[in-house]
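Take a look at the structure set out below.
Nothing in this text is a laboratory measurement; each read-out follows from the coordinates by a stated rule. Computed from a predicted model, the values in this text were never measured in an experiment. Neighbour counts are summed over all protein chains in view; Cβ atoms, including those assigned to glycine, are modelled from backbone coordinates with ideal geometry.
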Amino acid sequence: MRLISILLLSLLVAACQPATEESTPSSAEATPAEKIMQPEAAVDERFVEGKDYRVLEQVIAPAEFEPQAGEGGYVIEFLWPGCPHCQEFNPTIVAYALEHPSVTVIKRAAPANERWAMDARVFFALREIAETNLDDELLAFYQGVRVNHERLPTQPDLNRFMAEHGIAEDAFAAAYEDPALTDKLRVVLEDMRGANISSVPTVVVNGRYVVEAPAPHSQDESQRYFALINHLLTL
């Protein structure tokens, strides 16, 4: 049974975005804020179209159910709550949003297959009924289940999460089954297909530039990754 669990976990990692050979964890721990802060001269800013990013012909605009672009532009992250790479990336992009309040950071749960669609429904349903945004708490919860139990959350797990955050099961069920939520997932999926996005986490800057650089796994990679985002915001 443990072997099956390990194989399943390996498949989940591969389904998100496999780490590249160049993407190795840093031996020194750094806070999310430290990962994205570095003197400008120390960052390699020779960003190359076709390697570090690609340009979309059709812009992905924020949907009507999402925050609109800030004065500094907007960044859309396509994610899956069950993806280990998304879970590890989340604190860093949250820190980026705090460091750049003029830039709107939009998170979209990707309904790429049946399981991802279920988790995306959970993600968006919570936004409708929770008193405060629980995006970060949900990713941390999925991460905890993965690390401690080597599996994805089950319905009893999700019920426990709802109870811990004071969410009534009937209210959540109504939001989960709301046809309007299906329309939201359709928007996200259509944008993913139109932009040829097949893995997560994937970041799109100002709706036009898809970051091709892999999700960072070290402080140096994080600094360059977010320097790339800042560069694309100026184009």
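By definition, a body whose alpha carbon gyration tensor gives a ≥ b ≥ c is oblate when a/c is 1.5 or more and a/b is not larger than b/c, and segment 45-87 fits this oblate description. The HN-Hα couplings worked out from phi for segment 50-56 by the Karplus form 6.51 cos²θ - 1.76 cosθ + 1.60 (θ = phi - 60°) are x, 10, 8, 7, 10, 9, 8 Hz, whole numbers, x standing for Gly and Pro. The charge dipole of segment 87-143, taken about its Cα centre with unit charges on the Cβ atoms of Lys, Arg (+1), Asp and Glu (-1) only, comes to about 200 debye. Under the convention that each Lys and Arg Cβ holds +1 and each Asp and Glu Cβ holds -1, the size of the dipole of segment 116-233 around its Cα centre is about 420 debye. Sorting the segments 158-165, 87-94 by their mean number of nearby beta carbons within 10 angstrom, highest to lowest, gives 87-94, 158-165. Quick one: grab the alpha carbon gyration tensor of segment 140-210, order the square roots of its eigenvalues as a ≥ b ≥ c, and give me rounded if a/c is under 1.5, else prolate or oblate depending on whether a/b is larger than b/c. Note, shape of segment 140-210 comes out oblate.
Peptides 200-211, 72-83, 110-121, 55-66 ranked from most to least packed by the mean count of surrounding Cβ atoms within 10 Å: 72-83, 200-211, 110-121, 55-66.
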